[in-house]
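Readers should treat all values here as calculations from the given coordinates under stated rules, not as data from a laboratory. It should be emphasised that the depicted structure is a prediction, and the values quoted were computed from it without experimental measurement. Every residue, glycine among them, receives a Cβ derived from its backbone with ideal geometry; neighbour counts consider all protein chains shown.
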Amino acid sequence: MARKNFASQLVNSIFKIFLSIPENPSRELNPPKKILIVRQHNQLGDLLAGVSLFRALKETYPDSHISLVVSPLNYPGVIKNKYVDRIYIFNKKKLINPFYFFKSLNFLKEKYDLAIVPVVVSISFTSNLLARLANARTRIGANSLNGKINSSVYFFDRRVDLDWRNHPDSNVSERSLDIIRPFGINTENYRSEITFDEDDLKAANKFVDEFADKSKHVLIGLHVGAGKPNNRWSLNKFAALIEKINSKYQANFYLTEGWAEKEELNYLAKNVDISFGKFINKPIPQIAALISISDLFISNDTGIMHVAGTTDTPQISIFGPTNPFNWTPIGMNKYFIRKSELIDDVSVEDVFHLCELILNKREN
């Protein structure tokens, strides 16, 4: 560990000698026409929660062109996003390929008026370096995060201190704006956004038509997986919840999952005495379209929770170790349940009671 820290400090010192730029304390910006945002260091949910930043830039500079650097893992969340004009998928592992290396370099060397590295959870040296290598007139980045100095802040001429220790329950969608608020860039709409089109809606409706029982008039979606094990509500509880809801409301159920959740799908198929649709490994816009035509969506605290959060569909998010005030989607009909840091402290009755309130309201 000591050897690794020494190597990191040495690399940082070298970059500081050759790539350091002086700070400009001004909070005035010339209206940018071409904007670069580097957010390859965030997961899907983090990226979706931060769409408020894209919206704020477009509302402030409606004629601007936004290019967004994403990763192979989080880019599906911004496909077709109406606030982003272009995405570039940055894959660090492919840099050993000369063609990809020069392609990335050419992308960065285009002329940008403004480069921004949003920071919410952690500071990324790679993202900071990409912003510095970009041919940008102005670069905005974090000076510090919750009191911890950004060791590569010298890549930026405009530096912003980000500190939410006095506001521990502020939502990530609002925090995402704090990097640009000092420059007069803001929005009153903190909701996320996934733009889907008629083709996505057709795919969603086709899926429902193929599996749904036409005599049932309630459509409920569930996402039972999560990348982090501590964010997964027990499958036996999901199975009991499905049975309980079905006994009262006679609903059509579907699951949204990736191939990684194959075991979860098999478990529910064996332990739930009703059939359900499986919307597996589908594009994010299609998932958003499907959720948008549903009556209720129930999810663990994971990326698909944020996808559902972009729709107007009533939603229940089940939380464990993370703070729901930070991460729950913003909007009407967006509910969460949390009892403690142990997600299974949430009971089937807890979730079912909230389902009743939502579904009874639908019937009235």
Discussion item. Give me the percent relative contact order of the chain, please, defined on Cα pairs under 8 angstrom at least 6 residues apart.
Written reply: 16
Response to the item:
Summing +1 per Lys or Arg and -1 per Asp or Glu among the other residues with Cβ less than 10 Å from residue 117's Cβ gives +3
Practice prompt. Please give every one of the aspartates and glutamates within straight-line cross-link reach of residue 334, meaning a C-alpha to C-alpha distance under 16 Å, and leave out same-chain neighbours fewer than 8 residues apart.
Written response: 193, 295, 301, 312, 350, 356
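Filter 80/237; 282/339; 216/282 down to the pairs with a C-alpha to C-alpha distance above 30 Å, please.
80/237; 282/339
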Item to complete: In nm, give the distance between the simple-model label positions of residue 122 and residue 342, each being 7 Å from the Cα along the Cα-to-Cβ direction.
Response: 2.8
Worksheet item: What length, rounded to one decimal in nm, is gained on full extension from residue 244 through to residue 360, with 0.36 nm per residue of separation minus their alpha-carbon distance?
Response: 40.3 nm
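Rank by packing, highest mean first: peptides 88-97, 61-70, 285-294, 196-205, with packing defined as the count of other Cβ atoms within 10 Å averaged across residues.
Numbers: 88-97: 13.3, 61-70: 17.8, 285-294: 22.8, 196-205: 15.7.
Packing order, densest peptide first, comes out as 285-294, 61-70, 196-205, 88-97.
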Worksheet item: Anyone know which of 328, 138, 311 comes out most mobile in the 10 Å Cα GNM of the chain?
Response: 138
Worksheet item: Which value, in debye to the nearest 20, gives the size of the charge dipole of the chain about its Cα centre, when Lys and Arg are +1 and Asp and Glu are -1 at the Cβ?
Response: 1540
Worksheet item: Roughly speaking, what is the stretch gain from residue 352 to residue 330, that is 0.36 nm per residue apart minus the C-alpha to C-alpha distance, in nm to one decimal?
Response: 5.8 nm
Worksheet entry | Inter-probe distance in nm under a simple model that places probes 7 Å from Cα toward Cβ, at residue 93 and residue 33 | 3.9
Worksheet entry | Options (1) 29, 60, 11, 0; (2) 28, 52, 20, 1; (3) 20, 45, 30, 5, 0 - which one matches P(r) over Cα pairs in 20 Å bins from 0, in percent as calculated here | (2)
Item to complete: Count the net charge of all other residues whose Cβ sits under 11 Å from the Cβ of residue 144, scoring Lys and Arg as +1 and Asp and Glu as -1.
Response: 0
Discussion item. Just to confirm a number: summing +1 for Lys and Arg and -1 for Asp and Glu over residues other than residue 307 whose beta-carbon lies under 14 angstrom from that of residue 307, what do you get?
Written reply: -2
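So which of 228/248; 93/278; 244/361; 228/270 end up more than 21 Å apart by C-alpha?
Details: 228/248 32 Å; 93/278 33 Å; 244/361 18 Å; 228/270 24 Å.
With Cα atoms farther than 21 Å apart: 228/248; 93/278; 228/270.
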Discussion item. Testing the spin-label approximation: label points 7 Å from Cα along Cα→Cβ at residue 101 and residue 26. State their distance in nm.
Written reply: 3.7
Worksheet item: Suppose R0 equals 25 Å; then what is the FRET efficiency for residue 323 and residue 280 from their Cβ-Cβ distance, rounded to the nearest 0.05?
Response: 0.25
Item to complete: Pull out a ≥ b ≥ c, the square roots of the eigenvalues of the alpha-carbon gyration tensor of segment 5-116, then state rounded if a/c is under 1.5, prolate if not and a/b is larger than b/c, and oblate in the remaining case.
Response: oblate
